[in-house]
Amino acid sequence: MITLTTTGKKGWLARFLNVIEKAGNRLPDPFMLFVYLAFGIIALSWVISWFDVSFVQPGQEEEITIRSLISSDGLQFILTSMLDNFVGFAPLGLVLAMMLGIGLADKVGLLETAIKSTILKAPAPLVTYAVIFTGILGNLASDAAFVIVPPLAAMVFYTLGRHPLAGLAAGFSGVGAGFTANIIIAGTDALLSGISTEVIQTIDPEFVVTPVDNWYFMIVSVVVLSITGALITEKIVEPRLGKYEGKGGEELPEATSLEKKGLRNATITGLVFIGALLLILFLPMSPLRNEEGGIIPSPFLDGIVPIILLFFISLGVSYGATVKSIKSPSDVSKLMGEAMKDMSGFIVLIFAASQFIAYFDWTNMGTWIAVSGANFLESMGMTGIGVILGFVLLTAVMNLFIFSGSAQWALEAPIFIKMFYFLDFHPAFVQAAYRIADSSTNIITPMNPYIIIVLAFMKEYDKKAGLGTLIALMLPYSVIFLTVWIILLLAFAFLGIPFGPGVGVYL
């Protein structure tokens, strides 16, 4: 058993974090959490059905009642829908397809080489910005970025004679607090939009939240957070740490000539792929555009996930063939298989989460809560952006207890997507508000399993470092990232800047 000790005085902040840690440790594993919630929905639907609760959904005239899962119809639904709930759950296919390509690029070593090359080639004054930027883009490798970027960033700072813990903090902040942002459509976009679509289609079967619906906002977020994170590192964190006098750690090796060649070939392949895609997209009568010649909506946006999948497969194969990690076509499927093994925990979680969401929808409880909540907020005059800010703060606090972004969104979306839909807020805007809160507190929650790994990296440079050391190091990033991100969200909202193609604040 590993025992962590905290350093410094036990002030109000330390006591507060101790309470969060104890409360969070009492939560079950995310899979079991959804199992318990599913049973809770079964029992609750039975109890509520005693009272003949009914309501009218806005825009409809038919009265809707709460249905009990402890009934003949309910039992039949549980048994006959279980496989369909799982196999038909929108995020499952989206994420697994995305990870076939991104996982291949990761397994052949392309992502790690790209990270090393990006950071080490940056001019000295821009190294901090490069670290944060690379950390944010690292979410292409999903949770693997937590293990790759922070130690590499620490080695970069150590190599340059700067405090390695400042580098580690910068890398961790980019990967963790900036996890949901990117300039490229990533697995996170597919996962969250899939859950959002699953929920909103229980109200409007034709409504789709696509993986690109938050893209513009996230591109700007990468730039803003890179600058913000670098300033926090250089103006707050590094001065507090002072000059590094210790020993330990390793200097970061540069990419080998073969790795550089592989990266060059992958870059050329990527440019050719993008060029060919743009050529097809802008051809007269392009099959990727709609009948009016536009892109919103279009087969191009509908097929964005397969396009991204093919893009990363092309990059991975090009790099792997160059560095000899792919020697035959069979190696491609083998490496994809290894990437899918890393997704086993996600698949198991989705089985339980999909049942919970299906039960919640079938009973009509989610819509009832959403309509009742929307009516209450409307009666209180709380229908503007202020209610969204309350949702952001609530999500940030909840993230201290539930680290998994997909698990938390699966919990919140059935209620808040519907509630805000009835207040005329676009589901993709609500999703963007969720994402900034979910990311910002990733780096200070004891529920983050990678905190222990980052703490182990810290001990290479400071043997006395404890959990309190890490939390104190990361707290400025968490608070300031959330504040700046809220301001950016408000700027987009009030200036009428689209969050993605055709996506505004309101429906």
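The values are calculated or read from the model by the stated rules, or taken from the named source; none is laboratory data. Keep in mind that what you see is a predicted model, and the values were worked out from it rather than measured. Using ideal geometry, Cβ is built from the backbone for each residue, glycine included, and neighbour counts are taken over all protein chains shown. To get the accessible areas, we keep the full protein, side chains included, count just its heavy atoms, and leave off ligands, DNA and RNA. Shrake-Rupley method; radii C 1.70, N 1.55, O 1.52, S 1.80 Å.
Numbers for the structure displayed
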| item | result |
| --- | --- |
| Formal net charge of residues neighbouring G88 (Cβ-Cβ distance under 15 Å; K, R +1; D, E -1) | -3 |
| On Cα atoms only, tilt of 187-200 relative to the major axis of the chain in degrees | 10 |
| Percentage relative contact order, the chain, counting C-alpha pairs under 8 Å, at least six apart | 24 |
| Around S325: net Lys/Arg minus Asp/Glu count, Cβ-Cβ under 14 Å | 0 |
| Radius of gyration and maximum dimension Dmax of the range 376-507, Cα, Å | 17.2, 57 |
| Lys/Arg +1, Asp/Glu -1 at C-beta; the chain dipole; positive extreme among A43, M98, F416 | M98 |
| Principal semi-axes in Å for the chain [√(5λ), Cα gyration tensor, largest first] | 38, 29, 22 |
| Inter-probe distance in nm under a simple model that places probes 7 Å from Cα toward Cβ, at K121 and M380 | 5.3 |
| The range 197-334, relative contact order [Cα under 8 Å, separation at least 6], % | 24 |
| Accessible-area value, L400, 1.4 Å probe, nucleic acids and ligands omitted, Å² | 20 |
| Label point at D302 placed 7 Å out along Cα→Cβ; residues across the range 86-128 whose backbone nitrogen lies under 15 Å | none |
| Length gained when the stretch I268-L495 is fully extended (0.36 nm per residue, less Cα-Cα span) | 77.9 nm |
| Reach of K243 by Cα under 22 Å, taken over lysines that are not fewer than 8 positions away in the same chain | K235, K459, K463, K464 |
| Cα long-axis angle, helix 450-459 against the chain (0 to 90 degrees, to the nearest 10) | 20 |
| Estimated FRET transfer efficiency (K324, V147; beta-carbon r; R0 30 Å; 0.05) | 0.80 |
| For the range 63-120, alpha-carbon Rg and Dmax in angstrom | 21.6, 64 |
| Heavy-atom accessible area per residue - the chain, 1.4 Å, Å² | 44 |
| Net charge, W368 excluded, C-beta distance under 13 Å - Lys, Arg +1, Asp, Glu -1 | -1 |
| Distance between modelled label sites at L258 and S344, nm, 7 Å Cα→Cβ extension | 3.0 |
| Rounded to 10°, Cα long-axis angle of helix 110-120 versus longest principal axis of the chain | 50 |
| Fraction of accessible area attributable to carbon and sulfur, the chain (%, probe 1.4 Å) | 66 |
